[in-house]
Amino acid sequence: MPASTLANLRILLGVSGGIAAYKAAELTRRLREAGAELRVVLTENAARFVTPLTFQALSGAPVRMSLWDESAEAAMGHIELARWAERILIAPASADLIARLAHGLADDLLTTVCLASAAPLALAPAMNQQMWAHPATQANLDRLRARGVSVLGPASGSQACGEFGAGRLLEAEQLVAELAALHGPRRLAGVRVLVSAGPTYEDIDPVRFIGNRSSGRMGFAVAQAAAEQGASVHLVAGPVHLPTPAGVIRRDVRSAREMREAVMQQIPQCDIFISAAAVGDYRPGEVAAHKLKKRGRALTLTLAENPDILGEIAARTSRPFLVGFAAETRDLETYARAKLERKRLDLIAANRVGDGQGFDAADNELLLLWPGGRELLPRADKLALARALIARVAALRTAARAAPARRRRP
Ligand code: C5P
């Protein structure tokens, strides 16, 4: 039960000014039910929509609003409050609050506490759909995501202002589940994860091969991020020179067929397979036993098709949760969404390659697509992206297990 990961967790709930502030009352109740210890901070504008008394009654603790309340500061100063929090959730997060956080302002109690706290921060935005779509808001959110802030929602639908679109606060129940999946301690405890990483090399003769530019860093970062979340991780690595992440069991392979064999051996024992390897689609039809000699004329190599490892696993009736990668030089989303559907994957992580992006680079940008959803992870280093990817995988897998009928596709 994901909510149990919130038991005894010290959560600071920030409520900013917007009509959705009334929904934060229900959220307070749900977080208490999930066992969290709560402190609520309202912004001044939030208090125009809801009263501190509501939250005091529901959270069982005094509600804070101002930096300048001497008696409250004497009881628990804002720095103590920032240290007290193990997680900070702001719901609803208004466009204004998001802008202030993105720019590191500390002009009221809530933003000051956010700046003074090392606790992971999650935002649940709620605003008019035009404000949500505005490039300024989106740029502020990209900035926050790049710093590791989680953005929960928003949902789409009819809005209090009479418009229709994205910008509705997620329902309290969903926020609690997302928070538990994102920030719950060790989200993959007891889960068996298999990761493939790196390129494959296909030998032409004893000294030459066909390979690709994959560095293996993304797959290794994914293996590390899964291990950090308590998963038992097997990593099947193509030819790369990278250290094995702590706690990960690694097997080195060279060709696509060797990778297939190593992956297939592990598949029956895994719950999640993340196929980050850049598996070569073709190999030379035959490998010369001796070094090919120059013959003063063109050389024609006949290539045979390699097995599609991920495709083969996806076609099975009993299969783990499947995550693929798509590297594209153009029309990223269209091609990646088609691949997600064709290979019947649960999630695809798409990135643009070429022009110094993707394969060889230390940082990257990922577009996550899954049936019915998408999330853009803006440019960040590969470990930060891997952590965000693993958080999404954990959340989707939890949701799929809670509603298995919805996951099955024809
Ligand atoms: O179709 P495409 O090769 O772009 O699909 C990429 C995804 O499929 C990656 O997750 C990659 O690891 C996997 N793949 C595979 N076997 C292949 C080719 C790709 O498992 N032969």
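Quick note: the coordinates plus some simple rules give every number you see, no bench work behind them. Everything numeric here is computed off the predicted structure, so don't read it as measured data. In this analysis, Cβ positions are derived from the backbone assuming ideal geometry, glycine residues included, and neighbour counts consider all displayed protein chains.
Assorted remarks:
- Whether region 212-276 is rounded, prolate or oblate, judged on the alpha carbon gyration tensor where a/c under 1.5 counts as rounded: oblate
- Cα centroid of region 242-284 to Cα centroid of region 321-355, whole Å: 19 Å
- Ordering Gly190, Leu42, Ser117 by Cα displacement along the dipole of the chain toward the positive end leaves Gly190 in first place; charges were set at the Cβ atoms of Lys, Arg (+1) and Asp, Glu (-1).
- Charge-dipole axis of region 192-407 as Lys and Arg at +1 and Asp and Glu at -1 on Cβ define it, positive-most pick from Ala304, Thr244, Ala400: Ala304
- Shape box of region 3-183 [Cα atoms, principal axes, largest first, Å]: 43, 32, 31
- Label-to-label distance, Phe164 versus Ala7, with points set 7 angstrom from Cα along the beta-carbon direction: 4.4 nm.
- Sorted by Cβ density within 10 Å, fewest first, the residues Cys270, Cys114: Cys270, Cys114
- Degrees between helix 172-183 axis and first principal axis of the chain (Cα, 0 to 90, nearest 10): 50 degrees
- FRET efficiency for Asp308 and Ala136, using Cβ-Cβ distance with R0 set to 51 Å, rounded to 0.05: 0.75
- The calculated FRET efficiency for the pair Glu261 and Leu299, based on their C-beta separation and a Förster distance of 51 Å, comes to about 0.95.
- For Leu303, the residues whose amide H sits under 5 Å from its own are Gly285, ignoring neighbours fewer than 5 places away on the same chain, with H placed 1.01 Å from N.
- With semi-axes defined as the square roots of five times the eigenvalues of the C-alpha gyration tensor, the equivalent ellipsoid of region 161-260 measures 39, 19, 10 Å, largest first.
- Computed from Cα positions, the angle between helix 256-266 and the longest principal axis of the chain comes to roughly 50 degrees.
- Spatial extent of the chain: Rg and Dmax, with the Cα atoms as the point set, Å: 24.3, 90
- Highest-MSF residue in the chain out of Pro92, Pro154, Pro268 [GNM, Cα springs under 10 Å]: Pro268
- Helix-only [θ]222 nm of the chain, DSSP H runs n ≥ 4, -39500 (n - 2.57) each, per residue, nearest 500: -10000 deg cm²/dmol
- Between the amide H of Val191 and those of Ser232, distances stay under 5 Å, these residues lying 5 or more places away or on another chain, with hydrogens modeled in the peptide plane.
- Taken about its Cα centre, the chain carries a charge dipole of roughly 1480 debye when the Cβ of each Lys and Arg holds +1 and the Cβ of each Asp and Glu holds -1.
- Charge-dipole axis of the chain as Lys and Arg at +1 and Asp and Glu at -1 on Cβ define it, positive-most pick from Ala57, Asn8, Phe321: Phe321
- Nearest 10 degrees, 0 to 90: helix 217-228 Cα axis against the chain principal axis: 50 degrees
- Applying both filters, DSSP loop and at most 10 other Cβ atoms within 10 Å, to the GluC sites (Glu not before Pro) of region 155-219 eliminates every site.
- Cα-projected label distance for Glu171 with Arg330, points at 7 Å along beta-carbon direction, nm: 4.4 nm
- Taking the C-alpha atoms of region 192-407, convex hull volume expressed per residue in Å³: 134 Å³
- Asp96-Asp69 FRET efficiency (beta carbon distance; Förster radius 30 Å; 0.05 resolution): 0.85
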